[in-house]
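Some notes on the structure that comes next.
The values are calculated or read from the model by the stated rules, or taken from the named source; none is laboratory data. Keep in mind the model is a prediction, meaning the values are calculated, not measured. No Cβ is skipped: glycine too gets one built from the backbone with ideal geometry, and neighbour counts run over all protein chains shown.
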Ligand code: AGP
């Protein structure tokens, strides 16, 4: 999704903006641009990557303040004209904007009626002209931005540069913006973690905030004009490295980081003696947990698949009803909220608009929401104020891998904690803890001996469609495998609980149709075998993910063995070969695996 990076200080702004924007690239974008103030404001923008935009920059731009943008098209096609920044008619006001201005058609029409020529098809450009019109009244940049935004309806993360004022005005409403405080310099980013390369002191803006930023000061106020306190937060050092290192792609790097990411996630959160989870951030005592009537889990994409595993584990271990909801549907389905129930929202980025809306809906109806979040200080984490950080470290690849594993691990620990406050025995708890502690090592063992992944790739790479089937805990794993392959290899995939196959999807099978079966050694294994037989009888080619030494491997055309694993923890192992199949298929087909087409890392629009 769109990204913003801004700088004001005493150094040359251009290299700093380029560096910041390069760090935003992983979010997905189609065009880029920067505006640098060096006397006048110069704008350089272009369809394509940051590196392509860089190639059109003159070598001698000297300005020490500027704003940059990576655009993911919403209003208007992918063209140079629609790329940000956008300038006012005189060029004295220049903006970059994330979000959507819902009443832009009216605003644009009104500007055109005033004789203003609009140079792009975007909703954002209107803001530049509106601010300039307001500035003519009193030459007060903050007041001009405030009055202009009071006429706008929609969402914004906005940065405004003024030719005649040494400051940047920023505003936030429904689209994240974080200010980084350096020594004699100030940074602005739509993505908090990118600031950690420049400073560890940040100021999170709230929805409805406006801030006036200079090299040495930050002044914060509300859209109405009330002044607000500037609270500086010190960023924790992230354990993960956001650089590629020896890997060719972030997706592969992050698949290989899973053992360490899991160690970070479970470290200090398991009480072996009592056989219990120890998730302090939940702020729930055992007696609170004992009274929970039901749990709802909400997320999108990979987070939703992790939530489905969490749901099954909560029911198994805690014996309370648990339900999973697609975040984008949740608030429109008029949910009935029980204030005693627990609601978990799961999100890697902590910025997903659909998930954030669900949080607000639950809170509005008096419900309590806990976040299961990766990015520390993200909007959803701050909105929930309670929950669990999954500590995956920075995840750069659009296709989520290590965050999935850590979401599952965090939800497993939660299920254990509620379970122990109710019916789960200490011995069972200890057994699960032992199993969890083995997982990082087991994934390492598997990654050293991945099995015939490339044979699986040969079967799927030219397929019209690929089925992913599993039962029980493996049904959401099948969905996750399908999502990964679709995202990066652009192959249509269908994921079903294996028993559902015969109720319709089996009609699609032809001679040679590839099916990936996820069959760990659990209580539903034999049931899945029936679906394998039914599929083979119709000519399907079977790729089997199974535990080593299991004679079920006789059933597969391609057999990929994972180490033996506790049956409740199998998703943490079975997902890894699926991630590898997706990665290698995309590479074999020549796709940009870290930046798949049309996708964005963090989806900040509804
Ligand atoms: C995962 O591979 C996807 N890129 C996507 O489905 C993602 O999981 C979803 O958009 C939710 O993102 P979040 O975890 O940051 O909320």
_the range 557-606, subset away from the ligand (no atom under 16 Å from the Cβ) and farther than 22 Å from residue 447 by Cα, residue surrounded by the most Cβ atoms within 10 Å (Cβ to Cβ)_ = 589
*From 201, 272, grab the single residue that is touching a helix residue (DSSP H, G or I) at 6+ places or on another chain (Cβ under 6 Å) and either at pLDDT below 95 or loosely packed, with under 13 Cβ neighbours inside 10 Å (or both).*
272
_Looking for something crowded, with 22+ Cβ neighbours inside 10 Å and either outside the structural domain of residue 8 (by TED's automatic domain parsing) or farther than 23 Å from residue 173 by Cα (or both) - is there at least one such residue anywhere in the range 98-117?_
no
*asked:* Can you tell me which of (1) over 30 Å from residue 583 (Cα atoms); (2) loosely packed, with under 14 Cβ neighbours inside 10 Å; (3) more than 20 Å from the chain's Cα centre (by Cα) is the one residue 236 doesn't meet?
replied: (3)
*For the range 415-521, which helices (runs of 4 or more DSSP H) that fit wholly inside it have 1 or more residues that are buried (at least 23 other Cβ atoms within 10 Å of the Cβ), without any contact (Cβ under 8 Å) to a residue 40 or more places away in the chain and within 16 Å of the ligand (Cβ to nearest atom)?*
474-489
*Filter the range 375-390 for residues that are more than 14 Å from the ligand (Cβ to nearest atom) and without any contact (Cβ under 8 Å) to a residue 60 or more places away in the chain and give the result.*
385
*asked:* Given the criterion within 16 Å of the ligand (Cβ to nearest atom) and touching a strand residue (DSSP E or B) at 6+ places or on another chain (Cβ under 6 Å), identify the matching residue among 261, 303.
replied: 303
*Do any strands (runs of 3 or more DSSP E) lying entirely in the range 1-48 carry at least 1 residues that are out of contact with any strand residue (DSSP E or B) (no Cβ under 9 Å at 6 or more places or on another chain) and in contact (Cβ under 8 Å) with a residue 40 or more places away in the chain, and which ones are they?*
40-47
*Positions within the range 208-222 being within 26 Å of the chain's Cα centre (by Cα) and surrounded by fewer than 17 Cβ atoms within 10 Å (Cβ to Cβ), in sequence order*: 208
*Residue check, residue 67 against (1) surrounded by fewer than 24 Cβ atoms within 10 Å (Cβ to Cβ); (2) under 29 Å from the mean Cα position of the chain (by Cα), all met but one. Which one?*
(1)
*Of all residues in the range 391-414, which are near the ligand (Cβ under 10 Å from one of its atoms) and surrounded by 24 or more Cβ atoms within 10 Å (Cβ to Cβ)?*
395, 397, 399, 400, 401, 403, 404, 407
